Amino acid sequence: MASSQPAFGDPKVAAFPDAATHDVEERDEFDYSKRSQWLRAAVLGANDGLVSTASLMMGMGAVKQDMKAMILAGFAGLVAGACSMGIGEYVSVYSQLDIEVAQRRRDGEGDGGDRDGLPNPWQAASASALSFSMGAMVPLLAASFIREYRVRMGVVVAAATVALVGFGWLGAVLGRAPAVRSSARVLVGGWLAMAVTFGLTKLIGGSAL
């Protein structure tokens, strides 16, 4: 009668049965860490797009009540910001790539043609531009269908407030930081940016300049 136990020396039998499971867990943990870094960077980019565009729209609303002008200002901010973030990230990561490739050549690790483990400038640029655009869409969508000036301004602030709290909380979770304090910092910072932009634009717009 054949034994139901694997034969001694079978390559499927390991000396430590939990070793394979442990290796999988380590790989999963490493992959999660890398994903967390990308997600946290995406959250920060979205927060930047939200604050920049909402502040720009509030500044335009300080001197002009027309809905079209506010939406166009926000859209221009979205496009300009996404391009700036994407190009800036591309240049920065490409510089890092050149440094790491040169270091590999100095260390004798081939001619630098193997890009495994090296930063990807196109991926970084695309992620940065996309995350900025997603954040910028929050105030734009909030104001797009409201013609009454005061209501529109209030809705932009309210939408930005909710999104700031959400981005702050998500960034804290991914960065393993205190969620309440992080959300509060992000919220106060966003409010301050919108208030300063609104106030200064109102001041300059109402002057002789």
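Where a number appears in this text, it was derived from the coordinates with a stated rule and is not lab data. Predicted model, so just to flag it, every value in this text is computed and none were measured. Backbone-built Cβ (ideal geometry, glycine too); neighbour counts: all protein chains shown.
Amide H contacts of Asn120 (H built 1.01 Å from N, in plane; Pro and chain starts excluded): no residue 5 or more places away or on another chain comes under 5 Å.
Between the beta carbons of Lys64 and Met134, assuming R0 = 41 Å, the FRET efficiency works out to 0.95 to the nearest 0.05. When you restrict to C-alpha pairs under 8 Å that are six or more residues apart and normalise by the size of the range 43-200, the relative contact order lands at 36 percent.
Could you compute the FRET efficiency for Ala158 and Ser84, with r as their C-beta to C-beta distance and R0 at 30 Å, rounded to 0.05?
On the way: r = 27 Å, r/R0 = 0.90.
Computed FRET efficiency for Ala158 and Ser84 comes out at 0.65.
Once the mean of 1/r is taken over each pair of separate Cα atoms and inverted, the range 43-200 shows a Kirkwood hydrodynamic radius of 17.1 Å.
Sorting Asp107, Asp48 from the fewest to the most surrounding beta carbons within 10 angstrom yields Asp107, Asp48.
So between Asp98 and Ala195, what do we pick up on full extension, going 0.36 nm a residue minus the alpha carbon distance? Display every interim value, and only then the final one.
Numbers: separation 97, 0.36 × 97 = 34.92 nm, distance 4.14 nm.
Difference between extended and current length: 30.8 nm.
Suppose every K and R has +1 on its Cβ and every D and E has -1 on its Cβ; what is the size of the dipole of the range 43-200 about the Cα centre, in Debye to the nearest 20? With Lys and Arg at +1 and Asp and Glu at -1, about 800 debye. The simple Förster model, with R0 at 30 Å and r as the Cβ-Cβ distance, assigns Arg147 and Gln123 a FRET efficiency of 0.15.
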